[in-house]
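*Asks:* Below are the structure tokens for one structure; questions will follow.
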Amino acid sequence: MRNKIITAFMATLVAIVGCSDDSENTSIEGAPSVFFMVETLASDEMGGRDNLSAGSLLAQSFLYEELAKIAEPIFPAAQGIEGYLQHYDVGTNVLALVPGGELADEYVMIGAHYDGHGSDDVCAGKTAEDDICNGANDNAAGVAAVIDVVRSIVADGVPRRSIIVTLWDGEEDGLVGAQYYVENPVFPLEQTITYVNFDIQGANLLPSLRNYTILVGAETGGANLVEASDRAREASSLDTVMLSLIFGQGRSDHAVLTDSSVPAVFFTDANNGCYHTVKDDIDAVDFPKLEQQILTAQALTRELLVTDDVPVFNDEAPPSVYEDAEELLPIVEAAQSDIGRFPPEAQVTAEEFLIDLQAIVDAGPEAFDTAAVGTLLVGASFLVATLRTLECDPFLADG
Ligand SMILES: [Zn+2]
């Protein structure tokens, strides 16, 4: 069964290579482009990569092939692909190690979930023509970003610290793969200085927000991680909005690591109307945006690999700070120009949120209190919930 799948996979691969564009931006021989990786992972042949499916096995084989070019197995005694797989009862994490130099026993973890909903009950919008949630933005794009970041770093030689690459399974079933890892860590969690997580990349929320993307949770690593993240966002042309951990709503694998006292940042584009639908396909991915997101992630990962200002896990951080209001204001303001896309009652709420947010910013940091925190959290989750109800229109008919 497994051999048949792999044979089918190779045939698919050859077929896709034939019509793939480029393979620029790397000096690793045979390494495919970001586009090719997203296209392969989000292909119908992989069936949406639901855990324990045939498509999931194809994805594991593909990820193994790519990781083996740039990283070592995490279980060196095991043969071939098995050296890269961490099996658990309902899934398989794909993991790899890039050994560091001087500080080889300190680790920067970089990862994304590779599983998706396939054609399960959560997958929405199924038709006779298309009944697969291919999960291109969520999270083929995140996985491709991880591999591309690691590849560019490896191309420069041995990093100072080691890199653990974690491609999780079972995220969509409740962060199950990441949870299994923290209960069975391959490398000590206390020597894992930061986890850099990607979930939903290259996605657009509104025409007015195409240049925005989100980085969540830097305060979990204290001032050192906040400052490193702030510097990293200068590496791209995007407006990267930095928000406290609570705005990520514990919704991706980073939450498992922060629960285990590992500092983490979470790169995301939040949920648009394509989320968990059959329309989350390759053509929903904004590749120029994804390339910019990779630049930010690369800058942050490179700094974490060398820095002497190591992030220190901070569980004293307040749930939200004044800076969250300052970061949210421009994005909420920009979204007003697309408010006509919202249902009428949501338009009123969005306008009220903008007024409240402006008042919080105007009142200054001294006045920032629990009521202000409540306003931010309620307003932000209302916006995310509303955006998710809009029609899937990835490029938002602006051209
Ligand atoms: Zn996801």
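The values are calculated or read from the model by the stated rules, or taken from the named source; none is laboratory data. Here the structure is a predicted model, which means the values were calculated and not measured. Cβ coordinates were reconstructed from backbone atoms using ideal geometry, including for glycine residues, and neighbour counts include every protein chain displayed.
*Asks:* Under the condition of being in contact with a strand residue (DSSP E or B) (Cβ under 6 Å, 6 or more places away or on another chain) and not in a helix (DSSP H, G or I), which residue from segment 223-239 is surrounded by the fewest Cβ atoms within 10 Å (Cβ to Cβ)?
*Replies:* Of everything passing the filter in segment 223-239, ASP239 is surrounded by the fewest Cβ atoms within 10 Å (Cβ to Cβ).
*Asks:* Has segment 117-125 got any residue that is surrounded by fewer than 24 Cβ atoms within 10 Å (Cβ to Cβ), closer than 17 Å to GLU45 by Cα, away from the ligand (no atom under 16 Å from the Cβ) and assigned by TED's automatic domain parsing to the domain that holds THR277?
*Replies:* Checking segment 117-125: at least one residue is surrounded by fewer than 24 Cβ atoms within 10 Å (Cβ to Cβ), closer than 17 Å to GLU45 by Cα, away from the ligand (no atom under 16 Å from the Cβ) and assigned by TED's automatic domain parsing to the domain that holds THR277.
*Asks:* Can you pull out the residues in segment 157-168 that are away from the ligand (no atom under 16 Å from the Cβ) and either assigned to a helix (DSSP H, G or I) or not hydrophobic (A, V, I, L, M, F, W, C) (or both)?
*Replies:* GLY157, PRO159, ARG160, ARG161, SER162
*Asks:* Further question: Just to check your reading of the model, which residue among THR220, THR296 is under 14 Å from ALA145 (Cα atoms), in a helix (DSSP H, G or I) and either more than 16 Å from the ligand (Cβ to nearest atom) or within 16 Å of the chain's Cα centre (by Cα) (or both)?
*Replies:* Matching residue, one of THR220, THR296: THR296.
*Asks:* Here are some residues: VAL154, VAL146, VAL108. Which one is touching a residue at least 40 places away in the same chain (Cβ under 8 Å) and within 14 Å of the ligand (Cβ to nearest atom)?
*Replies:* Matching residue, one of VAL154, VAL146, VAL108: VAL146.
*Asks:* Find the residue count for segment 73-109, including only residues that are acidic (Asp, Glu), assigned to a loop (DSSP other than H, G, I, E, B) and under 21 Å from GLU183 (Cβ atoms).
*Replies:* 1
*Asks:* Can you report the number of residues in segment 297-313 which are over 16 Å from PRO99 (Cα atoms) and buried (at least 23 other Cβ atoms within 10 Å of the Cβ)?
*Replies:* Qualifying residue count for the region: 3.
*Asks:* Looking at segment 123-157 only, could you name the residues that are at pLDDT below 95, more than 12 Å from ASP280 (Cβ to Cβ) and hydrophobic (A, V, I, L, M, F, W, C)?
*Replies:* The answer is ALA128, and nothing else.
*Asks:* Within segment 35-72, count every residue that is over 22 Å from ILE294 (Cα atoms), hydroxyl-bearing (Ser, Thr, Tyr) and assigned to a helix (DSSP H, G or I).
*Replies:* The number of residues fulfilling the criteria is 2.
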